[in-house]
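The values are calculated or read from the model by the stated rules, or taken from the named source; none is laboratory data. In this text, all values refer to a predicted model and were calculated from it rather than measured experimentally. Cβ atoms come from the backbone with ideal geometry, glycine included; neighbour counts cover every protein chain shown. The accessibility values were calculated without ligands, DNA or RNA, using every heavy atom of the protein model including side chains. Shrake-Rupley method; radii C 1.70, N 1.55, O 1.52, S 1.80 Å.
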Amino acid sequence: MGKPVNSRPQKQTSAAAPVGAAEADGAPPAPGPVDKAMEVLTALAAAGAPHRLADLARSTGLAKPTVHRLLRALATSGYAEAGPGGSYRPGPRLLGLAAGALADDAALRRAGPLLDELRVRTGLFASYAVRDDRAVIHLDVRAPAQDFGLDLPPGFREPLTAGAAGLALLSALPDGESGPLSAGPDGAPADEVTRAALTAAVRDGYAFDGTDAWLDRRALASPVRDATGRAVGALVLTGLAFTLDEAAARLYGPMVRSAAAAVSAGLAAQAGARLGLVPGPDRDTDFGAGRTGGSGRAEESR
């Protein structure tokens, strides 16, 4: 699994530039007030709160006075809250909105009991993750009784190609979509290890991160599909390397695949998985009802 990534820094553009100049020369338009506020909110909600003003400015790429002005406005409306030493953390209104959205999501409601079962049966972290462009976010995390010092908080964010969660979601996409997303930062095709992991994920119905990107942890994951067969998230098991080795993956992989298929079957009967952020058309090649226990309705929709 990869390291959490920060929000993309915003490029500052001269205020003296005439309106329409950016579009004329092909450069992206300067970020507006809403864009800046969303950048600050994203940084504010990152792990490690409360956050210092300097840290928020650095992670957003915005000037300190701009960040301070936006934080004061967000605090006035309840979306931010002042902490000790001039720091800030998410406010009650933002937390309430997030809690309401999570509680109302069909996939998370169905995944919750299965995450608890996986956590108890394996002694590992069990989580539900979704894709956000080229990143993966773990929305619901169930920690085991003994975590061996492994930190996996709700909201944990990692690059799409860093671990099993992203590999599982990529394996559920058509080649035309997964190829560009699995490419390197310079646009180079995915390396041999990533291609082999994706091939194995399609074959097995679950992805296993055996490359040790974190040096001390492993993960395996299986995609969850909605009523149309589109991948909307993934069930993930995460543990330290000695608790999730190759032998454990062969034992736990079918368990995660079966749990993901059960969530998918429930979604096929009741649409509403709004938190699945994976775009693109339905896959032609899938793990199928015959291999993973997927529902007949999802199969018919494809």
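Sort 218-224, 46-52 by the packing proxy (mean of other Cβ within 10 Å over each peptide's residues), most packed first.
So the peptides 218-224, 46-52, ranked by packing, come out 218-224, 46-52.
Sorting check: for 155-164, 114-123, which peptide has the highest mean count of neighbouring beta carbons within 10 Å, and how do the rest follow? Working shown, then result.
Numbers: 155-164: 21.9, 114-123: 17.5.
For the peptides 155-164, 114-123, the packing ranking is 155-164, 114-123.
Of Ala168, Thr199, Tyr128, which is farthest towards the positive pole of segment 108-202's charge dipole, taken about the Cα centre with +1 and -1 on the beta-carbons of Lys, Arg and Asp, Glu respectively?
So the residue furthest toward the plus end is Tyr128.
Give me the extension gain from Glu177 to Ala145: residue separation times 0.36 nm, minus the current Cα-Cα distance, reported in nm with one decimal.
7.7 nm
Once fully extended, how much extra length lies between Asp132 and Ala241, figured as 0.36 nm per residue of separation less the alpha-carbon to alpha-carbon distance?
Full extension of this stretch gives 36.6 nm more.
What FRET efficiency do you get for Thr42 and Thr199 if R0 is 25 Å and r is their Cβ-Cβ distance, rounded to the nearest 0.05?
Computed FRET efficiency for Thr42 and Thr199 comes out at 0.15.
With the cut-off at 25 Å, report for segment 128-269 the share of all Cα pairs above it, as a whole percent.
It works out to 21 percent of all Cα pairs.
If you place +1 on the Cβ of every Lys and Arg and -1 on the Cβ of every Asp and Glu, how big does the dipole about the Cα centre of segment 45-91 come out, in debye to the nearest 20?
For segment 45-91, the charge dipole is close to 140 debye.
Compare Asp105, Asp175, Asp147 by solvent-accessible area with a 1.4 Å probe and give them largest first, with all protein chains kept in place.
Descending accessible area places them as Asp175, Asp147, Asp105.
To the nearest 10 square angstrom, how much accessible area does Met38 have with a 1.4 angstrom probe?
Estimated to the nearest 10 Å², Met38 gives 100 Å².
For a Förster distance of 41 Å, can you work out the FRET efficiency between the beta-carbons of Ser258 and Val34, rounded to the nearest 0.05? Before the final figure, lay out the partial values.
On the way: r = 43 Å, r/R0 = 1.05.
Given R0 = 41 Å and the Cβ-Cβ separation, E is 0.45.
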